[in-house]
Amino acid sequence: MIIVGAGQSGLAVAAALRGEGLQPQQDFIVIDAAVDGQRAWASRWHSMELLSDARHSALPTRTLPGDQRRRPRVDELVDYLTYLEAALGVETRWGVRATAVEHRGNGSTLRLSTTEGEVQTRNVVCATGAAARPYLPEWSSSLSAPGVVMHSSDYLYPAQIPSGDVLIVGGGNGGVQLARELAASHDVSLSIRTRRRQRSAAGYPSLAGGSVSWLSRASHREPIFGDSYERLRRVGVTLRPAVAGAAGRVVTFDDGASMTPTSVILATGYLPADEWLPERVRTSSAPRTMTGVPGLFVAGMPQYSRRGADTLAKVSRDASTIAQHIIDRP
C-alpha cells in the first residue's frame, strides 16, 4: 500500500494504519514530491500562526507540547510533523511525485505512476493536500507593478515588499492576516469579493471551511477568525470591492474605481493537489474518502469528505475511515 503525501493527512493515515497493526515500510510506504523533507508548511510566512489553538492543531493521540490554549506558529507545526513521522517509524521517500493512478482489468490492484517509475499495489491513499497549488485569477497575467506581484504562498515577511502602497486581493483569513501585518509598514488596500462573517478564533475548530445552509441550501464562505474588516479599517487598511480586471499597472474594481498599486499580493487561495487522480474520480461523487475506484482513497480534502477534513483536528476521522476500509477490503 502506498500513501501519497507526508503532510498532516498522510501521517494521520499512517497513524491509523499503525493503530490497526500495520507496519511502515513493511505493509505500507509513504512517498512525497517535496525534496529533502521540505513540507509545504515550511514555506509559509514567518509570523504566520494557525487559526486553531494547540489542542486542535495535532492528532488526538499525539498532542503538541506547551500551552494548549496558544495558537502555534507554522514552524512549530513543521517540527511537530517531523516528530510525528519519526514516532510512527515512517521513512518517507522524498522527491517522488505521483503522476497518475489507474485500475486495469478485473483484478484488485492499482497501477501508480510516479517520477521514479510505475508500481502495482492494492491500495493507494491520496493525501497530497487540499491547499497545495496557488490559485491565480485570469486577470493576474495582465498585471504588472513596479514593486512585486506575488501569490501569498511566496510572501515571507514585510521587508520583502518594497515601500509604497500594497493591494492585497482576497478577503479570506490569509488576506486579512496579511493586511494586518503589512498595515504597520505599508499603505494597504484589501480587495474583498464576498464579505465574510467574523467569528472568534475559539470557534475555528467547529466552523472551519465553507458551509451550506440546511434550510436555504445557500453556500457560505469560511468565516474570518479573530480580526474583522472593521478592525482593519481602523488601523488604516482601505477596503475595496472585488477586482474586475487589470491592464499593466492599473487595477480596476467592480465599482468602476481603479488604482495603480506599487505591489500586489494575491491571497486568492489554493487548489487541491488531486490533478493526478482519474478525471472520473475528480468529477463524480462517492462515499466519504472513497472514490469509486476499488482501493483508491482520498484523505484530508473536504470535497472528497466533509467540512473541516483539511484540518489537523478532523483529518483523523478520514484516516480512521480509510484504515478500516483497507482492513476490511476483501
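Grab the DSSP H runs of the chain that are 4 residues or longer, score each as -39,500 (n - 2.57), total them, divide by all residues and round the 222 nm result to the nearest 500 deg cm²/dmol.
Per the formula, -5500 deg cm²/dmol.
Applying the Karplus parametrisation 6.51 cos²θ - 1.76 cosθ + 1.60 with θ = phi - 60° to the phi angles of segment 292-297, what ³J(HN,Hα) value in whole Hz is obtained for each residue in order, glycine and proline being reported as x?
Values per residue, Gly and Pro as x: x, 9, x, x, 10, 10 Hz.
Taking only Cα atoms, what is the 0 to 90° angle, nearest 10, from helix 8-19's long axis to the longest principal axis of the chain?
Roughly 30 degrees between the two axes.
Restrict the search to segment 1-109; then list the trypsin sites (Lys or Arg not before Pro) that DSSP places in a loop and that have at most 16 other Cβ atoms within 10 Å of their Cβ.
Those satisfying the criteria are ARG69, ARG70, ARG97, ARG104.
Give the shape of segment 1-94 as rounded, prolate or oblate, defined through the alpha-carbon gyration tensor: a ≥ b ≥ c are the square roots of its eigenvalues, a/c under 1.5 means rounded, and otherwise the shape is prolate if a/b is larger than b/c and oblate if not.
oblate
With a 1.4 Å probe and all protein chains left in place, how much of the accessible area of the chain comes from carbon and sulfur atoms, in whole percent?
48 percent
Residue by residue through segment 37-49, which ³J(HN,Hα) values in whole Hz follow from phi under the Karplus form 6.51 cos²θ - 1.76 cosθ + 1.60 (θ = phi - 60°), with glycine and proline marked x?
Here the 3J(HN,Hα) series is x, 7, 5, 4, 4, 5, 9, 6, 5, 4, 8, 5, 10 Hz.
Taking Cα atoms, how many degrees apart are the long axis of helix 173-182 and the longest axis of the chain, rounded to 10 and kept between 0 and 90?
Helix 173-182 and the main axis of the chain meet at about 50 degrees.
Per residue, how much accessible area does the chain have with a 1.4 Å probe, in Å²?
It amounts to 47 Å² per residue over the chain.
By its C-alpha gyration tensor, with a ≥ b ≥ c as the square roots of the eigenvalues, how is segment 56-120 shaped: rounded for a/c under 1.5, else prolate for a/b larger than b/c, else oblate?
In terms of gyration-tensor shape, prolate.
Measure nothing but the geometry: give the 0 to 90° angle between the long axis through the Cα atoms of 315-328 and the longest principal axis through the Cα atoms of the chain, rounded to 10°.
Taking the Cα atoms of the chain, the angle to 315-328 is about 20 degrees.
The values are calculated or read from the model by the stated rules, or taken from the named source; none is laboratory data. Treat the numbers as computed from the prediction; the structure is a model and nothing was measured. Here Cβ is always computed from backbone atoms with ideal geometry, including for glycine, and neighbour counts include all displayed protein chains. Side chains are part of the model used for accessible areas, which takes the heavy atoms of the whole protein and leaves out ligands, DNA and RNA. Shrake-Rupley method; radii C 1.70, N 1.55, O 1.52, S 1.80 Å.
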